[in-house]
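Working notes, structure below.
Just so it is clear, none of the values below were taken in a lab; they were calculated from the coordinates. Worth saying up front: this structure is predicted, and the values here are computed from it rather than measured. All Cβ positions, even for glycine, are placed from backbone atoms using ideal geometry, and neighbour counts span all protein chains on display.
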Amino acid sequence: MPELKRLHAGHAPAVLAFELANRAYFAASVSDRGDDFFDQFADRFNALLAEQEAGICAFHVLVAEDGSVLGRFNLVDIEDHTAELGYRVAQHVAGHGVATATVRELCRLAGARHGLRTLRAATTHQNVASQHVLAKAGFVPVGPADPAHLGGKPGTWYQCDLVLQPYGAIVPGAG
């Protein structure tokens, strides 16, 4: 069964393999990371780990039983109990509820581990799959996203208010 794990240095080869294997798939719905991303992967990966160590971001990977990465799920710009959610899943698991289930799990972790109360996510108007994932995970549209934030494409910001429930459980959109 896949497991959501906090990113660590040992994940670097599997993350690179995931990004390379799904590059064309991702580029169909979000801006391509570009050749520099792959050429400088080790430096960029180490920079992510430093940001995580500083508490600015929290990066996660969904790891299959064989150790391969099925998805990346990130909380970035953590500040004032708020963070931005970003995620991507491998093409071969897309459309099977993997993203929705993992976003829900990350919403619970965001409150429990990081004390977050609000998550925001932006997606382009044409990325219907991402819109469905966000809606199913308790996010609601809150306004237009700057195209500069979405690779020059128009889009929408979504928000999920995380509400503390009895016994310390965090439930997305409850209340």
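Some values worked out for this structure:
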| read-out | value |
| --- | --- |
| Diffusion coefficient, µm² s⁻¹, Stokes-Einstein with Kirkwood Rh over alpha-carbon pairs of the chain at 20 °C and 1.002 mPa s | 129 µm²/s |
| Selected from Tyr158, Tyr87, Tyr25 as most flexible by GNM, with the chain as the system and alpha-carbon contacts under 10 Å | Tyr25 |
| Residue-count net charge about Glu19 - beta-carbon cut-off 10 Å; Lys, Arg +1, Asp, Glu -1 | +4 |
| Scattering curve values for the stretch 1-46, log₁₀ I(q)/I(0), Debye with Cα scatterers, q = 0.19 Å⁻¹ | -0.69 |
| Cβ-based net charge around Leu7, under 14 Å, with every Lys or Arg adding one and every Asp or Glu removing one | +2 |
| Projected label distance in nm at Asp32 and Ala50, using a 7 Å step from Cα toward the beta-carbon | 2.8 nm |
| Size of electric dipole in the chain: Cβ of Lys, Arg +1 and of Asp, Glu -1, about Cα centre, debye, nearest 20 | 560 debye |
| Mean residue ellipticity (222 nm) of the chain, computed from DSSP H runs ≥ 4 via -39,500 (n - 2.57), nearest 500 | -10000 deg cm²/dmol |
| Compactness relative to 2.2 N^0.38 Å, alpha carbon Rg of the stretch 49-102 | 1.26 |
| Highest-fluctuation residue, Gly138, Gly95, Gly86 considered, GNM on the chain with Cα pairs under 10 Å | Gly95 |
